[in-house]
Amino acid sequence: MVKAAVLKGVEQVEIMEFPKPKVAKDCALARVEVCGICGSDPHIYQGHLPVPYPIILGHEVSLILEEMGPEYPRHDVLGNPVKEGDRVALVPAYNCGKCVVCKLQPQRHNLCEKGECYGVTLQCSKEPHLFGGYAEYMYLYPEAWIYKCPEGMSAEVLALADPLAVGLRGLDAACSPGLPWAREGFGVGKTVLIQGLGTIGILTAAAAKAAGASAVYAIDGVKSRIDMSYKFGVDEVIDFNEYKTPEERLARVNKLTNGMGCDVVIELAGVPAVFQEAINLTRRGGKLIELGHYTDVGTIPINPQVISFREIEIVGLWAYAAPELGTAISLIQQTMDRFPYADLITHRYHIDEADQALKEARDRNCIKSVILGK
Ligand SMILES: [Zn+2]
Ligand SMILES: [Zn+2]
């Protein structure tokens, strides 16, 4: 039998056992080593996103391929050979390949009309049940992309590739179609402000620095996260316990940027008022990337005139497209000596403790917490 933590309704987690499935010829069964608790998981737990209960949460996984059907691919998406016993990362969302979005915008896998996502949209009452990472095993369909883990990368660090991919998508979207030398969008020498230093915020700071940002600033108020962010390339954190009002934070950002505001602002707090504030923190002609609101936590008034006057480009993003997980793994590999990725994992829980883990993540007591698999 396979143990899993099942979300049966709002804040209702039950530990259940499922039969170990028979593997279809084009599928695979993988043992879960580690599954990160995404910032969105506690929101799903609290009912901020409609999901088809019951589900097994968890999509930031490091897996060991345990049994591969005879027709399951023997290579990852980049062509690296894979065999049973290999460690892989999974792109949790997979697309249908047939709908109008898949045909006309194949680079936006994540917007597929019939797309599914492990740990979010797949009901675990249906066979073969194992569709989420808070479990001992996961069942892999051939549509879902896998990436082989590079030599020397631990399971916990590999599981950070998923949140990093979300942040990289933010930086990618801030590049295009800008001309960085003309002070448009993200590029070498630009200033970046990150609102919210959860795991994605900290990893996005590291990525921005690695990609040549001249300065990376952040806004947060949790001491452990602020301290950690300085190890990941953040130049200054504006602590909202010290700079208490939006006006005080704006004054500080203006001081740091010669009165201009930041070239790129990335909203990663998932709090509507933070998006409202971001509009004033972005320089005139700058880019504002909204990707903190994977779940629905409410609305906020916006003054459209400020957006016009400041000529801000606002880009909304939803999760990431499958190729970005490969970019994230590659970036971690290139910068492993520069940033202490393993230090981001501050809390570890067993599957039986999933309910407690979600509550503690909801209360923001941790940086990255993980569920340990089998
Ligand atoms: Zn995630
Ligand atoms: Zn589709």
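The values are calculated or read from the model by the stated rules, or taken from the named source; none is laboratory data. This is a predicted model, so every value here is computed, not measured. Neighbour counts run over all protein chains shown; Cβ positions are idealised from the backbone, glycine included. To get the accessible areas, we keep the full protein, side chains included, count just its heavy atoms, and leave off ligands, DNA and RNA. Shrake-Rupley method; radii C 1.70, N 1.55, O 1.52, S 1.80 Å.
Give me the pairs: first residue in segment 286-300 and under 20 Å from Tyr320 (Cα atoms), second residue of a type in the set (D, E, K, R) and open to solvent by 30 Å² or more (accessible area, probe 1.4 Å), beta-carbon distance under 9 Å, and six or more apart or on different chains, which are they?
That search, which allows pairs on different chains as well, returns Lys287/Glu184; Lys287/Glu313; Leu288/Glu313.
Hand me the list of helices (runs of 4 or more DSSP H) wholly inside segment 98-209 holding 2 or more residues that are under 18 Å from Ser40 (Cα atoms) and in contact with a strand residue (DSSP E or B) (Cβ under 9 Å, 6 or more places away or on another chain). Full working, then the answer.
Numbers: elements: 100-104, 155-158, 161-175.
Of the helices (runs of 4 or more DSSP H) lying wholly inside segment 98-209, those with at least 2 residues that are under 18 Å from Ser40 (Cα atoms) and in contact with a strand residue (DSSP E or B) (Cβ under 9 Å, 6 or more places away or on another chain) span 161-175.
In the same structural domain as Gly212 (by TED's automatic domain parsing), open to solvent by 10 Å² or more (accessible area, probe 1.4 Å), within 20 Å of Asp220 (Cβ to Cβ) and more than 16 Å from ligand 2 (Cβ to nearest atom): is that true of Glu267 in this structure? Walk me through it before giving the result.
Numbers: in the same structural domain as Gly212 (by TED's automatic domain parsing): yes; open to solvent by 10 Å² or more (accessible area, probe 1.4 Å): no; within 20 Å of Asp220 (Cβ to Cβ): yes; more than 16 Å from ligand 2 (Cβ to nearest atom): yes.
Judged against the criteria, Glu267 is not a match.
With the requirement that a residue be open to solvent by 20 Å² or more (accessible area, probe 1.4 Å), modelled with pLDDT of 95 or more and not in a strand (DSSP E or B), what does segment 24-42 give you? Show your work before the answer.
Of segment 24-42, the ones open to solvent by 20 Å² or more (accessible area, probe 1.4 Å) are 24-26, 31, 33, 39.
Checking which are modelled with pLDDT of 95 or more leaves us with 24-26, 31, 33.
The answer is Ala24, Lys25, Asp26.
Working only within segment 98-116, note down all residues that are open to solvent by 50 Å² or more (accessible area, probe 1.4 Å) and more than 16 Å from ligand 1 (Cβ to nearest atom). Steps first, please.
Pass one, segment 98-116, residues open to solvent by 50 Å² or more (accessible area, probe 1.4 Å): 98, 100, 103-108, 111, 113-114, 116.
Those that are open to solvent by 50 Å² or more (accessible area, probe 1.4 Å) and more than 16 Å from ligand 1 (Cβ to nearest atom): Lys98, Val100, Lys103, Leu104, Gln105, Pro106, Gln107, Arg108, Leu111, Glu113, Lys114.
Output yes when any residue across segment 68-80 is open to solvent by less than 10 Å² (accessible area, probe 1.4 Å) and outside any loop (DSSP other than H, G, I, E, B), and no when none is.
No: segment 68-80 contains no residue that is open to solvent by less than 10 Å² (accessible area, probe 1.4 Å) and outside any loop (DSSP other than H, G, I, E, B).
Give just the number: which of (1) surrounded by fewer than 18 Cβ atoms within 10 Å (Cβ to Cβ); (2) within 20 Å of Ala207 (Cα to Cα); (3) touching a Lys or Arg at 6+ places or on another chain (Cβ under 8 Å) does Lys231 not satisfy?
All conditions pass for Lys231, except number (3).
Could you pull out the residue among Pro163, Pro150 that is closer than 17 Å to Leu78 by Cα, out of contact with any Gly (no Cβ under 6 Å at 6 or more places or on another chain) and either more than 13 Å from ligand 2 (Cβ to nearest atom) or of a type in the set (D, E, K, R) (or both)? Before you say what the answer is, go through the steps one by one.
Working: Pro163 fails: closer than 17 Å to Leu78 by Cα.
From the options Pro163, Pro150, the qualifying one is Pro150.
On the basis of being among the hydroxyl-bearing types (Ser, Thr, Tyr), outside any strand (DSSP E or B) and open to solvent by 40 Å² or more (accessible area, probe 1.4 Å), does Ser308 make the cut? Spell out how you get there, then give the answer.
Values: among the hydroxyl-bearing types (Ser, Thr, Tyr): yes; outside any strand (DSSP E or B): yes; open to solvent by 40 Å² or more (accessible area, probe 1.4 Å): yes.
Against the criterion (among the hydroxyl-bearing types (Ser, Thr, Tyr), outside any strand (DSSP E or B) and open to solvent by 40 Å² or more (accessible area, probe 1.4 Å)), Ser308 qualifies.
Quick check on Pro106: is it farther than 22 Å from Thr295 by Cβ and not acidic (Asp, Glu)? So that I can check it myself, show each step before the final result.
Working: farther than 22 Å from Thr295 by Cβ: yes; not acidic (Asp, Glu): yes.
Taking the combined requirement at face value, the residue satisfies it.
Return a yes/no flag: does segment 334-357 have any residue that is outside any loop (DSSP other than H, G, I, E, B), among the acidic types (Asp, Glu) and touching a strand residue (DSSP E or B) at 6+ places or on another chain (Cβ under 7 Å).
Quick first cut of segment 334-357, residues outside any loop (DSSP other than H, G, I, E, B) only: 334, 341-357.
Among the residues that remain, those that are also among the acidic types (Asp, Glu) are: 343, 352-353, 355.
From the residues that got through so far, the ones that are touching a strand residue (DSSP E or B) at 6+ places or on another chain (Cβ under 7 Å) too are 352, 355.
Scanning segment 334-357, I find at least one residue that is outside any loop (DSSP other than H, G, I, E, B), among the acidic types (Asp, Glu) and touching a strand residue (DSSP E or B) at 6+ places or on another chain (Cβ under 7 Å), so the answer is yes.
I'd like to know if segment 216-239 contains one or more residues that are of a type in the set (S, T, N, Q) and not in a helix (DSSP H, G or I). Even if it seems obvious, please write down each step before you answer.
Initially, segment 216-239 is screened for residues of a type in the set (S, T, N, Q), giving 224, 229.
With not in a helix (DSSP H, G or I) added as a condition, the list becomes none.
Within segment 216-239, not a single residue is of a type in the set (S, T, N, Q) and not in a helix (DSSP H, G or I).
Is there any pair linking a residue in segment 98-113 that is among the aliphatic types (A, V, I, L, M) to one that is within 16 Å of ligand 1 (Cβ to nearest atom), with Cβ under 8 Å and at least six apart or on different chains, and which?
Leu111/Trp318
Hey, does segment 292-312 have a residue that's touching a strand residue (DSSP E or B) at 6+ places or on another chain (Cβ under 8 Å), farther than 28 Å from Asp239 by Cβ and among the charged types (D, E, K, R)?
Within segment 292-312, one or more residues are touching a strand residue (DSSP E or B) at 6+ places or on another chain (Cβ under 8 Å), farther than 28 Å from Asp239 by Cβ and among the charged types (D, E, K, R).
Being without any contact (Cβ under 8 Å) to a residue 60 or more places away in the chain, away from ligand 1 (no atom under 14 Å from the Cβ) and closer than 19 Å to Leu358 by Cα is true for just one of Val32, Val6, Val10. Which residue is that?
Details: Val32 fails: without any contact (Cβ under 8 Å) to a residue 60 or more places away in the chain; Val6 fails: without any contact (Cβ under 8 Å) to a residue 60 or more places away in the chain.
Of Val32, Val6, Val10, the one residue that is without any contact (Cβ under 8 Å) to a residue 60 or more places away in the chain, away from ligand 1 (no atom under 14 Å from the Cβ) and closer than 19 Å to Leu358 by Cα is Val10.
From the list Glu136, Glu116, exactly one residue is within 16 Å of ligand 2 (Cβ to nearest atom) and among the charged types (D, E, K, R). Which is it? Break it down into steps so the answer makes sense when it comes.
Working: Glu136 fails: within 16 Å of ligand 2 (Cβ to nearest atom).
Residue meeting the stated conditions: Glu116.
Of these, Ala328, Ala357, which one is within 18 Å of Ser40 (Cα to Cα) and surrounded by 15 or more Cβ atoms within 10 Å (Cβ to Cβ)? Break it down into steps so the answer makes sense when it comes.
Details: Ala328 fails: within 18 Å of Ser40 (Cα to Cα).
After ruling out the rest, the residue left standing is Ala357.
Can you find, within segment 81-95, the residue that is nearest to ligand 2 (Cβ to nearest atom) among those that are part of a loop (DSSP other than H, G, I, E, B) and surrounded by 15 or more Cβ atoms within 10 Å (Cβ to Cβ)? Don't jump to the end; show me each part of the working.
Quick first cut of segment 81-95, residues part of a loop (DSSP other than H, G, I, E, B) only: 82-86, 91-92, 95.
Imposing the further condition that a residue be surrounded by 15 or more Cβ atoms within 10 Å (Cβ to Cβ) reduces the set to 82, 86, 91-92, 95.
On the way: Val82: 25, Asp86: 29, Val91: 15, Pro92: 16, Asn95: 5 Å.
Ranking the qualifying residues of segment 81-95, first place goes to Asn95.
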